[in-house]
Amino acid sequence: MELAWYALLGVFFAAYLVLGGYDYGTGLMLARSGDPATRRGLLNAVGPFFLGNEVWLIAAVGILFGAFPILEGELLAGLYPAFAGALTGVILVTAAVQLRSRPASRWARTAWDRVIVVGSALAALGWGAVLAGMLQGVPLNDEGRVEGIGHLFTPFALAAAVTMVALVAVHGAAFLALRLPADEAGPVAALGRRLVPVALAAGVVTTAVALLSDRVRDAVQQPLAAIAMPVLLVVALLVAWVGFGRRSPGLAFTATSVTLALPVLLVGATLWPNALYSTIDPAASLTVADAAASGPTLRLLTWLTVPLLPALLGFQVMLWWVFRGRTGGRAPVYW
């Protein structure tokens, strides 16, 4: 049962990165336009989905708190700066998107748009650092407590955080190419195609840094998964590049969605059976079984989750169906 809940936690967090990723990717795209009308159009494209996408983060955190309370405590303690940066970014984006439509002045809207760009970058950097921090391990002592937070500041964590920003930017471009009116989608698709090599280069650098890192190599428990995931990431980015070039935004968006789900799978599959690897003493590493709640608690959570999971999936499908197609024409303005 622990494995099922561990997989469910990964699915929910991967879904959040895919769905929230195009929110933050759209936010990053605001930096390329000085025209308020254009920026409003970009936000209008993501408007119907924005708040619904954040629900997946809340659900993932709920699973972490309920099903893996020990992991939650040591994860937050060991990766506090990364979590703080990510959540600060999420809050900034959420608040700025809501507040930009309140003031009447053009200057105020521009200021809030800049906050959205900064918040989107912070969120992407933070989540990339969280995944990197898990993959490179934390200093867990014999008592199961994390010692300090300085271990997070490594070249690998920095490279992974920058790579996540690049992946989110490409994903945002793919989403906008899918959603914007055809005449506006072309330039965004061209930008996305130019960003793919940047994301590829960042991914290659991160992989190289990981190979040179003793901490990452020691933390790897499943070498096959560690090899397969970066290869799949490169393949997905190349498919996205082809999709952008062939004016097939659906293909590009599907491929970029895979690129944001893969890092979560990489961490989970590579660390298994550990949930957190101890860089002090491998024997002190926190396994998934040890991190999980008791059997009765997991069974109770299962009964509570059975009706909620289909409802959440159904809501997401309904949202995409209702707001399918491109914006423009008489489409409502959300922000």
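Within the option set T259, T254, T302, being hydroxyl-bearing (S, T, Y) and open to solvent by less than 20 Å² (accessible area, probe 1.4 Å) holds for one residue only, T259.
Exactly one residue out of A86, A108 is part of a helix (DSSP H, G or I) and surrounded by fewer than 22 Cβ atoms within 10 Å (Cβ to Cβ), and it is A108. With respect to the stated conditions, S101 fails to be among the hydroxyl-bearing types (S, T, Y) and buried (at least 18 other Cβ atoms within 10 Å of the Cβ). Pairs linking a residue in the range 190-208 that is without any contact (Cβ under 8 Å) to a residue 40 or more places away in the chain and open to solvent by 70 Å² or more (accessible area, probe 1.4 Å) to a residue that is charged (D, E, K, R) and assigned to a helix (DSSP H, G or I), with Cβ atoms under 8 Å and 6 or more positions apart or on different chains, do not occur. Given the criteria free of Cβ contacts under 8 Å to residues at least 60 places away in the same chain and assigned to a helix (DSSP H, G or I), does A60 qualify? Judged against the criteria, A60 is a match.
The values are calculated or read from the model by the stated rules, or taken from the named source; none is laboratory data. These figures come from a predicted structure and were not determined experimentally. When we count neighbours, we look across all protein chains shown, and the Cβ atoms used for this are built from the backbone with ideal geometry, even at glycine. In case anyone asks, the SASA skips ligands and DNA or RNA and just uses the protein heavy atoms, side chains included. Shrake-Rupley method; radii C 1.70, N 1.55, O 1.52, S 1.80 Å.
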